[in-house]
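The values are calculated or read from the model by the stated rules, or taken from the named source; none is laboratory data. As the structure is a computational prediction, the values presented were derived from the model and not from experiment. Note that each Cβ is placed from the backbone with ideal geometry, even for glycine, and that neighbours are counted across all protein chains shown. Protein only, heavy atoms only, side chains kept; ligands, DNA and RNA dropped before computing areas. Shrake-Rupley method; radii C 1.70, N 1.55, O 1.52, S 1.80 Å.
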Amino acid sequence: MHMEEQTECVSLPPQGPPGPPKCELVCIFGTGDLGRSLGQRLLQAGYTVVFGSRRPHSCGPLPQGAQVKVHAAAAQSAKLVFIAVHREHYDFLESLRAQLKGKVLVDISNNQKKDQYPEANAEYLQRLVPGASVVKGFNTLSSWSLLNGPLEGKQVLVCGDSAEAKQGVVELATRLGLSSLDRGCLSSARELEDIPLQLFPQWRLPLRLAVGLTASFFFYLLIRDVIYTYATQGKDVSFRIVVSLANKVFPIVSLIMLSLCYLPGVLAGILQLYRGTKYRKFPDWLDRWMLCRKQLGLLALGFACLHVIYTLIIPIRYSVRHTLISRVVNEMKNNNKSTPFDFDNTEAWATDSFYMLGVLGFSLYILLGLTSLPSVGATLSWREFTFVQSKLGHLTLLLCTAHAYLYGWDKFLRSSTYKWWTPPGYMLCLVLPTVVLVLKLLLISPCVERSLSRIRQGWERGQSEGAAWGPAGGPGKSIHL
Amino acid sequence: MHMEEQTECVSLPPQGPPGPPKCELVCIFGTGDLGRSLGQRLLQAGYTVVFGSRRPHSCGPLPQGAQVKVHAAAAQSAKLVFIAVHREHYDFLESLRAQLKGKVLVDISNNQKKDQYPEANAEYLQRLVPGASVVKGFNTLSSWSLLNGPLEGKQVLVCGDSAEAKQGVVELATRLGLSSLDRGCLSSARELEDIPLQLFPQWRLPLRLAVGLTASFFFYLLIRDVIYTYATQGKDVSFRIVVSLANKVFPIVSLIMLSLCYLPGVLAGILQLYRGTKYRKFPDWLDRWMLCRKQLGLLALGFACLHVIYTLIIPIRYSVRHTLISRVVNEMKNNNKSTPFDFDNTEAWATDSFYMLGVLGFSLYILLGLTSLPSVGATLSWREFTFVQSKLGHLTLLLCTAHAYLYGWDKFLRSSTYKWWTPPGYMLCLVLPTVVLVLKLLLISPCVERSLSRIRQGWERGQSEGAAWGPAGGPGKSIHL
Amino acid sequence: MHMEEQTECVSLPPQGPPGPPKCELVCIFGTGDLGRSLGQRLLQAGYTVVFGSRRPHSCGPLPQGAQVKVHAAAAQSAKLVFIAVHREHYDFLESLRAQLKGKVLVDISNNQKKDQYPEANAEYLQRLVPGASVVKGFNTLSSWSLLNGPLEGKQVLVCGDSAEAKQGVVELATRLGLSSLDRGCLSSARELEDIPLQLFPQWRLPLRLAVGLTASFFFYLLIRDVIYTYATQGKDVSFRIVVSLANKVFPIVSLIMLSLCYLPGVLAGILQLYRGTKYRKFPDWLDRWMLCRKQLGLLALGFACLHVIYTLIIPIRYSVRHTLISRVVNEMKNNNKSTPFDFDNTEAWATDSFYMLGVLGFSLYILLGLTSLPSVGATLSWREFTFVQSKLGHLTLLLCTAHAYLYGWDKFLRSSTYKWWTPPGYMLCLVLPTVVLVLKLLLISPCVERSLSRIRQGWERGQSEGAAWGPAGGPGKSIHL
């Protein structure tokens, strides 16, 4: 890193008139991690960097090539000052009002938690130094990624009341290889300051649902499988809780979550058909539900993966091996036929088909998961995305539902299935996917599909269809995209 | 979302002369999904947005802070008008020729299918309003991603005959945090309009190949495994179709597809060696083949994954358990030695090596797949990418081929292997990878490798090597990169 | 590709004054792969492209719409000349000094290996043509990605002594849809030229460590498992090397690497506590260790995946089936009880819990791996990233360590475990994760955690806490972010 030389070379006048980005001077208040990382990046991009510090001579290691001065002196020569200081210490800036007048102050601070202060840091800063133009920005980048990571594809969000000041910050970000997004005026600063403090807001509802479903089915199956056996046969099969029971709960929750992922789309279609227009807003709960479909689907995939691994470890489990060996030995002891039991062709077909449907369904599941990776999804055209998420998605649901039906194919009518008059778990979990698939089938039946696609292209029921569309307007087919 | 306040604050004059991007007014014709999403984004980025509608008072929910007017009034104050209207309704624009004169019209429309109309929507629009500068763009972004997704890394493709108009659109895109790519003049509009309608064009050939190979080998093995058994022994083993047969077809197709992925590179090398230059174009079929190598490899990986899962479920299958139990029982009944059968050390070595090669090959396969994820591939340097795709790729092919050879290690010379005089499937599938590996071995043998790398650096056979290279040109070593 | 028409249409004057990016002319010296790919992209973006060649009439296929001239003529009309020629042939440029005076020369060349020449190509070029402004750039893009791939999110690194020249190159890159990063002056050219030649520099240390650990444990277990059996019982169990032994080595190495991934963070915390400040630099070895944590973790994940696949193929292995069958048969021969061996409830609980911990640990492992994908990581906020990598990471370590403890739960006190007085491999591998977990537990205990987080927020021990913070500076709480 030839910081020293860089600073030198930039100060040499290049041929031609001095272009705008040449040896621009940027000031950074604060020599903490974020300040130093930012300084390093700015030096790399050819800026001259001056740190403002209250102890210029004992402020720890700074990037090579940067200068350090006391705050007032540091700010003097720069047009743009980064405030890389904790909010608690902003008050000293009040005394620098004169020096900061007319400058652009970039507030890059973050708080420890949400709603720590009544007003956003950037708004507080603007109040302290009214003569400067405060721009909030860069706070969504971590000092770690500034220092180490490539910044390709990263985005700087900025907001501020002065368009000119924002423009300056955007230009600087562009030179650092960052794209920028203008988020409006300084009153949006609070939103920007909350972004780094988010903890999976879109995952909360789906996660709660998954935990709730898992717990309910776990207790339901605990009663049916373990407690029932103990109560009626006095046998302790509590060891089943760890793997067998879990491996019944996971596929059930996975299938329910997958149906919940496709149910809102079907409901929206029905609603549009019923209303005869697409121009009325969906109810709030449906909107929120639609927005967490991706998370629902990914959680369903997670449970499906657990189900697959739990299934694959079956043959190495102690209890399974014990059962297998006991079975052979019992077979040998009790009857002395030459083959211990007959090969049942139907059973072979049914179980193998059961596995096949599971494997194919899981493969499509994985494919859906892969296309939801941001970088893979970004390479898909709109039609490709629709094809994968809608066509392949419903096919996955169909395969997984068929897999579950085949699991119970000969047990539905057996009375021994209904212990204590309760249906087994897989029967309960089949209700929702069956409903979704039947509704979807109705929606894609030719006549319904035609009406729906007309509505989705902007047609509205109840408007006079015959009326000609004229440039002056008037009722007619909707022209809105 | 403080839309209302944003519009207000932007209209306040900031200190200094008014910068160019301040409170710019943008007009959007059409209040459909795409129009509203775009309006929302523009408002967020500090633009003033006016919607043009034929029914300004009943056009559904619009983003907060936007105005709605009739088309003529809406267009008046804006320099830039987004046309978010279906092409079928463009004709009303003809009557607005006067109002739209000199404006930049951004055509963001898409069609329902390819070649729906003889000319591109944007060209039609230009014909309707000859006085305006039409720019095609933004149509590759979905309203969904505009509304919800982060736009980082997304790209706007624009084309148009006026460079100035395009520049304006590019600047707007940049403020929305989008990068832009100029795709030339308006005659490229058709290409841009086709992009969202693509359905995996690069996957078609590999997919057809995969389906063809799967079907052929499926029928071949159906005859050999199921029909042969029925014809000669009268035994119905049709249940094998579902899992056993599939698990023979998948690895065969996977290995063939993987060799097809590496064959064109080897062929290209041979062709360059034979021609003695790299400056002659490859035949078209080779070029097209090279371009779908990634897809071939990923499909091969998909089949390999299916093979792995199908293999791992073997021990939990009914028929396998039945065979195992029958075997023990038969062993017990028929001979009464203290150990039912002797442990064969060679067999243990062979089968375990067979599994090991499979596992290692599959792991490398997965690694190759991971590096072909766009975001992972983007972090690789050119040399790293070459190392992974060429070195690791051929190593994967070697391991998988060895895995297949070991599968049949003691069956090649047994006559019972050749049912009805046909070779088993895995022998057929070994031909192609063996050829690729032998050719590759030849190409990386020292003397051949030296010639080839000289050619790839620009050397051409048949040119006088002694001639000095002078600035005035003349024959000599090629200097072209 | 309507190259022909594009060039035509761009030459038509659009309405309004000619904007800056209109029909700009760019010259490319060299007609090799990179030159042609770049020319194609430039033409697509609406530039006029003139190739400079020493044989303008026989230089192979060029993109449609481009012109070819001899070097001197080609350079004349362009302000910007791309030098797409191998460095060995730069000398001819010396004779073009007059024609290239005042132009911007973009050196896009790469070398075959590092340190091939004493000075960077770009610096050599600048020396040859001192009157021009040389900018190094574009060399990190491959001709492959220029020709085929989408350039979204790709970044051009530029360096050069003239800020104005760099600005021109950056603008061109932006029009091609690329973001740019200014890397300072021309003396950084060497760094830029080395980037495409990197071969996983950050992976070297972790890879060496993994290979070393694998080899050591392999030989250790070879002695304990295979040679010991042969020496004491005369039994040849060498076939175990292939799968059984590997499946012991892989989890051991994986767990050690995972602990090594979390150890430096714990050490850094202790060091900060001990020093009472965060403003002193960590020792170099710790810094380097921290920087390869991601690679350590991903390698650990790779070994864990191998362990999982090797475990899942256990039941289909010949030796395992043989053991199972022999066991049944022996059971039958030797004792004639009705059940061959009793079902051990504790054993069932222990083994099932062992598997459950393994599966859950592995699932979290995979989750950590997924979030380290660049495109997934980029969507995480700072707090989310910390949560996943720290909280979930340590939980993974805890689950995997518990999995390993449970593996040996009843073997720790058996003397038969200590063959030749050596502890089994899993005991050795438990030391490090146990240490890491205990230290982490100490660090997150309430009182220690409070001190540490105060230090991490900038507090320093030994400074007078009571001193008020004044704008003029003076001792006090650190204000640095």
* Per residue of region B:63-80, in order, report the coupling 6.51 cos²θ - 1.76 cosθ + 1.60 (Karplus, θ = phi - 60°) as ³J(HN,Hα) in whole Hz, putting x for Gly and Pro. => x, 4, x, 8, 9, 10, 9, 6, 3, 4, 5, 5, 6, 3, 8, 9, 8, 10
* **Solvent-accessible surface (1.4 angstrom probe) belonging to B:Cys400, in square angstrom, nearest 10** => 20 Å²
* At a probe radius of 1.4 Å, what is the per-residue accessible area of A:Phe385, in Å² to the nearest 10? -> 80 Å²
* **Other copies of C:Asp287: label-to-label distances in nm, shortest first, labels 7 Å along the beta-carbon direction** => 5.1, 5.1
* According to a simple spin-label model (label point 7 Å from Cα along Cα-to-Cβ), what is the distance in nm between A:Phe412 and A:Arg450? -> 3.4 nm
* Setting aside same-chain residues fewer than 8 positions from B:Lys411, which aspartates and glutamates have a Cα under 15 Å from its Cα? -> B:Glu347
* To do: Work out from phi, with θ = phi - 60° and the Karplus expression 6.51 cos²θ - 1.76 cosθ + 1.60, the ³J(HN,Hα) of each residue of region C:371-378, listed in order in whole Hz, and give x for Gly and Pro.
  => 6, 8, 5, x, 6, 6, x, 5
* Structure fact -> For B:Tyr220, A:Tyr426, the accessible-area ranking with a 1.4 Å probe, largest leading, is B:Tyr220, A:Tyr426
* To do: Could you pull the copy-to-copy label distances for B:Gly102, with points set 7 Å along Cα to Cβ, in nm to one decimal and sorted shortest first?
  => 3.6, 3.6
* Rounded to the nearest 10 Å², what accessible area does C:Thr346 show when all protein chains are kept and the probe is 1.4 Å? -> 80 Å²
* Structure fact -> In region A:25-197, lysine pairs 8 or more places apart or on different chains with C-alpha atoms under 17 Å apart total 11
* Largest first, what is the accessible-area ranking of B:Arg288, B:Arg327 with a 1.4 Å probe? -> B:Arg288, B:Arg327
* Per residue, how much accessible area does the protein assembly as shown have with a 1.4 Å probe, in Å²? -> 43 Å²
* Asked: Where in region A:257-296 is the amide nitrogen less than 18 Å from a point lying 7 Å along the Cα-to-Cβ axis of A:Val211?
  -> A:257, A:295-296
* Structure fact -> Here region B:311-322 yields Karplus 3J(HN,Hα) values (6.51, -1.76, 1.60; θ = phi - 60°; whole Hz; Gly and Pro given as x) of 5, 5, 8, 3, x, 9, 6, 4, 5, 5, 4, 4
* By the gyration tensor of its Cα atoms, with a ≥ b ≥ c the square roots of the eigenvalues, what is the shape of chain C: rounded for a/c under 1.5, prolate for a/b over b/c, or oblate? -> prolate
* To do: Could you work out how far apart the two model spin labels at C:Gln457 and A:Phe387 are, taking each label as a point 7 Å from the Cα in the direction of the beta carbon, and quote it in nm?
  => 5.4 nm
* Could you let me know the centre-to-centre spacing of region A:362-390 and region C:368-426, using Cα atoms, in angstrom? => 31 Å
* Mind grabbing the interface size between A and B? I mean buried accessible area, both sides, 1.4 Å probe, in Å² to the nearest hundred. => 7100 Å²
* For region C:253-375, just say rounded, prolate or oblate: build the C-alpha gyration tensor, square-root its eigenvalues into a ≥ b ≥ c, call rounded for a/c under 1.5, and beyond that prolate if a/b exceeds b/c, oblate if not. => prolate
* **Projected label distance in nm at A:Thr422 and A:Ser77, using a 7 Å step from Cα toward the beta-carbon** => 7.7 nm
* Asked: Tally Lys/Arg at +1 and Asp/Glu at -1 over every other residue whose Cβ is under 11 Å from the Cβ of B:Ser77; what's the total?
  -> +2
* **Residue-averaged 222 nm ellipticity for chain B, from DSSP H runs of 4+ at -39500 (n - 2.57), nearest 500** => -16000 deg cm²/dmol
* To do: Among the lysines, select those whose C-alpha is under 19 Å from the C-alpha of B:Lys235, and discard any that sit fewer than 8 residues away in the same chain.
  => B:Lys419
* Structure fact -> Of all DSSP beta bridges with both partners in region C:25-197, the antiparallel percent, nearest 5, is 10 percent
* Placing a label point 7 Å from Cα toward Cβ, how far apart in nm is A:Cys447 from its equivalents in the other copies, listed shortest first to one decimal? -> 8.0, 8.0
* Asked: For region A:25-197, rounded, prolate or oblate, judged on the Cα gyration tensor with a ≥ b ≥ c (square roots of eigenvalues), a/c < 1.5 rounded, else prolate if a/b > b/c?
  -> rounded
* Asked: Under 19 Å from the Cα of B:Lys440, which lysines turn up, not counting those fewer than eight places away in the same chain?
  -> B:Lys278, B:Lys294, B:Lys391
* Asked: How far is the Cα center of region A:43-106 from the Cα center of region B:261-298, in Å?
  -> 57 Å
